[in-house]
1. Can you name the residue in the range 47-57 that is free of Cβ contacts under 8 Å to residues at least 60 places away in the same chain and within 18 Å of Asp101 (Cβ to Cβ) and is also most open to solvent (accessible area, probe 1.4 Å) among such residues?
2. Could you check, for the range 77-87, whether at least one of its residues is modelled with pLDDT of 90 or more, more than 14 Å from the chain's Cα centre (by Cα), open to solvent by 70 Å² or more (accessible area, probe 1.4 Å) and under 24 Å from Asn15 (Cβ atoms)?
3. Just need a number here: residues in the range 70-104 that are closer than 22 Å to Asp50 by Cβ, touching a strand residue (DSSP E or B) at 6+ places or on another chain (Cβ under 8 Å) and in a helix (DSSP H, G or I).
4. Which of the residues belonging to the range 105-150 are open to solvent by less than 40 Å² (accessible area, probe 1.4 Å) and either part of a helix (DSSP H, G or I) or at pLDDT 80 or above (or both)?
5. From the list Leu44, Leu61, which one is touching a residue at least 12 places away in the same chain (Cβ under 8 Å), under 19 Å from Ala119 (Cα atoms) and either open to solvent by 10 Å² or more (accessible area, probe 1.4 Å) or more than 15 Å from the chain's Cα centre (by Cα) (or both)?
6. Is at least one residue of the range 165-174 assigned to a helix (DSSP H, G or I) and either surrounded by fewer than 13 Cβ atoms within 10 Å (Cβ to Cβ) or modelled with pLDDT under 85 (or both)?
7. For the range 16-27, state whether one or more residues are touching a residue at least 60 places away in the same chain (Cβ under 8 Å), among the β-branched types (Val, Ile, Thr) and under 18 Å from Thr83 (Cα atoms).
8. Within the range 1-37, which residues are among the charged types (D, E, K, R) and open to solvent by 50 Å² or more (accessible area, probe 1.4 Å)?
Amino acid sequence: MNVKDHVLIVDDEPNVRLMLRTTLESAGYAVDQAEDGTAALERLAARDYDLVLLDLRTPRLDGMASLRLLRDRGDRSPVVVLTAHGCVRDAVEAMKLGAIDFVSKPTTPALLRQVAARAIDLGKSNRAGSAAMYAVPAAPLNDRRDRTPTRAESRRPYSILQNWFPSGGFTKGRGRS
């Protein structure tokens, strides 16, 4: 990273913002902070960010409403949703609105750095190319139409859910119930 990548952290808890900021600054990112969705939208109107870390539950304007407004006004900044109160429905809605990832709090500094790097790289590669940021990967339809998903593709939904329920509170279905 030659020029510092700019990250906006949106969280109502000062201690969480401090931990996120410290982790990302130590990795070489320039970090700004906002305590809620309203403040985040003001900052996003003033400058472009390489990544937005967005908490779902914030006062005044929550994360999902902020993400919806951000997309409605045409801003395609990469967004990673962070929450301690997440559920599958929230994750699906966030992904439909263009969030790149959905991370449960608390998270580790190593995971945060990994997710941030991946999201920023994805955002930059999509800005550099002509394809829309949230489009389906470019492969001819006839290549996908008559094939069975690979093992990795079929396990992806399970691995996402496993991240949300690390204690094993959910079981992978095997056949008919």
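1. Restricting attention to the range 47-57, the residues satisfying the condition of being free of Cβ contacts under 8 Å to residues at least 60 places away in the same chain are 47-49, 52, 54-57.
Remaining after also requiring within 18 Å of Asp101 (Cβ to Cβ): 49, 52, 54-57.
On the way: Tyr49: 10, Val52: 3, Leu54: 8, Asp55: 5, Leu56: 16, Arg57: 130 Å².
Per the criteria, the residue is Arg57.
2. There is no residue in the range 77-87 that is modelled with pLDDT of 90 or more, more than 14 Å from the chain's Cα centre (by Cα), open to solvent by 70 Å² or more (accessible area, probe 1.4 Å) and under 24 Å from Asn15 (Cβ atoms).
3. Qualifying residue count, the range 70-104: 3.
4. The answer is Lys105, Thr107, Leu112, Val115, Ala116, Ala117, Ala119, Ile120, Gly123, Asn126.
5. Values: Leu61 fails: under 19 Å from Ala119 (Cα atoms).
Being touching a residue at least 12 places away in the same chain (Cβ under 8 Å), under 19 Å from Ala119 (Cα atoms) and either open to solvent by 10 Å² or more (accessible area, probe 1.4 Å) or more than 15 Å from the chain's Cα centre (by Cα) (or both) holds for just one of Leu44, Leu61, which is Leu44.
6. Among the residues of the range 165-174, not one is assigned to a helix (DSSP H, G or I) and either surrounded by fewer than 13 Cβ atoms within 10 Å (Cβ to Cβ) or modelled with pLDDT under 85 (or both), which makes the answer no.
7. Within the range 16-27, one or more residues are touching a residue at least 60 places away in the same chain (Cβ under 8 Å), among the β-branched types (Val, Ile, Thr) and under 18 Å from Thr83 (Cα atoms).
8. Lys4, Asp12, Glu13, Arg21, Glu25, Asp32, Glu35
The values are calculated or read from the model by the stated rules, or taken from the named source; none is laboratory data. All values reported here derive from a predicted model rather than from experimental measurement. FYI the Cβ positions are ideal-geometry reconstructions off the backbone, even for glycines, and counts take in every protein chain you see. Areas reflect the complete protein model, heavy atoms only, side chains present, ligands, DNA and RNA absent. Shrake-Rupley method; radii C 1.70, N 1.55, O 1.52, S 1.80 Å.
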